[in-house]
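Trainee: Just dropping this structure here.
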Amino acid sequence: MVFRTVIKKIAESRPFARKGWRGVLLCSCILSLFSCQQADYSYDETPQGNLDALWTLIDERYCFLSYKEEQLGFKWSELHAKYSAKLNPKMSRVQLFEVLCQMLSELKDGHVNISTSLDLGRNWSWKEDYPENLDTELRQRYLGTDYHIGSGLKYTILPDNIAYVVYESFSDAIGEGNLSDMLSYLQLCNGMIFDIRGNGGGELTNAERLSRRFTNSKVLVGYMCHKTGKGHDDFSEPKAEYIEPSNSIRWQKPVVLLVNRSCYSAANTFVRNMKEMPNVIVLGDVTGGGSGLPFSSELPIGWSIRFSASPMFDARMQHIEFGIEPDVPSALNAGLAADGKDSMIEDARNILNTQY
């Protein structure tokens, strides 16, 4: 699936001024600390200049090129000529946007975006090409109407004394107090279903803060590298990532983590973390992936480009860019859904009830 480009009617032509350009690169880190770098090359603002700038940025700084070439069967070196052939000096901004998005769609990466006044170039094939395995109205039936809300967390106790927690976005802040109050309220439950289906990511700090409540000891959860040069495989040595146990209330009982293809980015990292925790079973579909920390820059025309620059791995140094396999596969059953039951939640309840 290529980038979706739903664009309002605009003028079909606009002359491209031939201006010099120096890229300002903004590297975003895990704690949202930013440092600027000035590029050592320049391009003009013609269609070809913009494509050259974009192709070079990806060639030198995108962290998954070798991996994507191997997995998807393309050669980035050949794509420059392929998409340059689609250009002409008098093409409109809309037409240029389409060509650049088509080139980037070859990467099949939801973290790769072109941001313009026309539209946001994006690739959402990581979720749109797969069953969703989530019915939000059905999920709401399990929560009921008298559920608790602790910042971004929604939670209740099911009739069989199973805790049911829903977290819809890692962009929704969760404080230590929210987590302690929730775990205190749920402490007499026999087990927990933690449902992050449909969670497209957000803040990695929320993923780490939450993970710390499910272990009593320091746990190796994965590794991270950083791009160190222009070569496709120029990376730093892998740096181990650990989750330290929280100093506050920690959950000591079995957990089933519900996931689907829409679990992406920070949600994908959370699944990576939880796979290493004691007493946690991941149930559902392969997650959507999205494992690289972002790097931002600007094209000569003024459009922003974001892409992955620092790859993350699991505890066995395996890529998680294309998603994480569940421990127990499960899918939404349409027949049970028609009867008002979420088969994935029911599968999780069955697993937890066999523990007691």
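Bear in mind that the values in this text are calculations on the coordinates, not laboratory data. Because the structure is predicted, anything quoted here is derived from the model rather than measured. Neighbour counts run over all protein chains shown; Cβ positions are idealised from the backbone, glycine included.
Trainee: Nearest 10 degrees is fine. How inclined is helix 266-275 to the longest principal axis of the chain, computing both from alpha carbons?
Mentor: 40 degrees
Trainee: With 40 Å as the cut-off, how large is the P(r) tail for the chain, expressed as percent of Cα-Cα pairs?
Mentor: 22 percent
Trainee: Using the charge dipole of the chain (Lys, Arg: +1 at Cβ; Asp, Glu: -1 at Cβ; taken about the Cα centre), state which of Met192, Met91, Pro131 has its Cα farthest towards the positive end.
Mentor: Final value for the positive-end residue is Met91.
Trainee: OK, next. Please compute the net charge surrounding Arg213, taking Lys and Arg as +1 and Asp and Glu as -1 over other residues with Cβ under 13 Å from its Cβ.
Mentor: With Lys, Arg at +1 and Asp, Glu at -1, the net is 0.
Trainee: Compute a Gaussian network model of the chain, connecting alpha carbons closer than 10 Å, and tell me which residue from Gly200, Gly340, Gly323 fluctuates the most.
Mentor: Maximum fluctuation in the GNM of the chain, among the listed residues, is at Gly340.
Trainee: Could you order peptides 222-231, 327-336, 265-274 by the average number of other Cβ atoms within 10 Å of their residues, highest first?
Mentor: Descending packing order for the listed peptides: 265-274, 222-231, 327-336.
Trainee: Explain nothing, just compute: Karplus ³J(HN,Hα) = 6.51 cos²θ - 1.76 cosθ + 1.60, θ = phi - 60°, for every residue of the stretch 118-130 in order, whole Hz, x for Gly and Pro.
Mentor: Once rounded to whole Hz, the list reads 6, 5, 9, x, 7, 10, 10, 5, 4, 10, 6, 8, 9.
Trainee: Now for a different question. Please compute the contact order of the stretch 32-154 in relative form: average sequence separation of alpha-carbon pairs under 8 Å and at least six residues apart, divided by the residue count, as a percent.
Mentor: Across the stretch 32-154, relative contact order equals 16 percent.
Trainee: What's the angle, to the nearest 10 degrees (0 to 90), between helix 176-185's Cα axis and the longest principal axis of the chain?
Mentor: Computed tilt is about 30 degrees.
Trainee: In addition: Extending each Cα 7 Å along its Cβ direction at Gln252 and Glu137, get the distance between those two points in nm, one decimal.
Mentor: Inter-label distance under the simple model: 4.3 nm.
Trainee: Apply the a/c threshold of 1.5 to the C-alpha gyration tensor of the stretch 154-219 and tell me whether it is rounded, prolate or oblate.
Mentor: Oblate is the answer for the stretch 154-219, as a/c is 1.5 or above yet b/c matches or exceeds a/b.
Trainee: Do any of Lys253/Lys341; Lys108/Lys230; Lys253/Lys275 go past 19 Å between their Cα atoms, and which?
Mentor: Long pairs (Cα-Cα over 19 Å): Lys253/Lys341; Lys108/Lys230.
Trainee: Report the relative contact order of the chain, percent, no decimals, based on alpha-carbon pairs under 8 angstrom and at least 6 residues apart.
Mentor: In percent, rounded to a whole number, it is 19.
Trainee: While we're on this one: Per residue of the stretch 196-211, what does 6.51 cos²θ - 1.76 cosθ + 1.60 with θ = phi - 60° give for ³J(HN,Hα)? Whole Hz please, x for Gly and Pro, Karplus curve as stated.
Mentor: Per residue, the Karplus-derived 3J(HN,Hα) values read 10, 4, x, 7, x, x, x, 8, 5, 5, 5, 5, 5, 4, 6, 4 Hz.
Trainee: Rounded to the nearest 5, what is the percent of antiparallel bridges among the DSSP beta bridges in the chain?
Mentor: 65 percent
Trainee: Distance between Cα centroids, the stretch 163-193 to the stretch 107-157: provide it in whole Å.
Mentor: What the calculation gives is 19 Å, centre to centre.
Trainee: I would also like to ask the following. With each run of n ≥ 4 DSSP H residues scored as -39500 (n - 2.57), what mean residue ellipticity at 222 nm is computed for the chain after dividing by its residue count and rounding to the nearest 500 deg cm²/dmol?
Mentor: Taken over the chain, the calculation gives -8000 deg cm²/dmol.
Trainee: Roughly how far apart, in whole Å, are the Cα centres of the stretch 219-234 and the stretch 316-356?
Mentor: For the stretch 219-234 versus the stretch 316-356, the Cα centre distance is 32 Å.
Trainee: Here's a follow-up. Going highest first, how would you order 63-71, 207-215 by mean Cβ packing within 10 Å?
Mentor: So the peptides 63-71, 207-215, ranked by packing, come out 207-215, 63-71.
Trainee: Take every Cα pair under 8 Å in the stretch 131-257 that's 6+ residues apart, average their separations, divide by the length, and report that relative contact order as a whole percent.
Mentor: This gives 23 percent for the stretch 131-257.
Trainee: At a 10 angstrom cut-off on C-beta neighbours, averaged per residue, how do the peptides 101-112, 153-164 rank from highest to lowest?
Mentor: Top to bottom by mean Cβ count within 10 Å: 101-112, 153-164.
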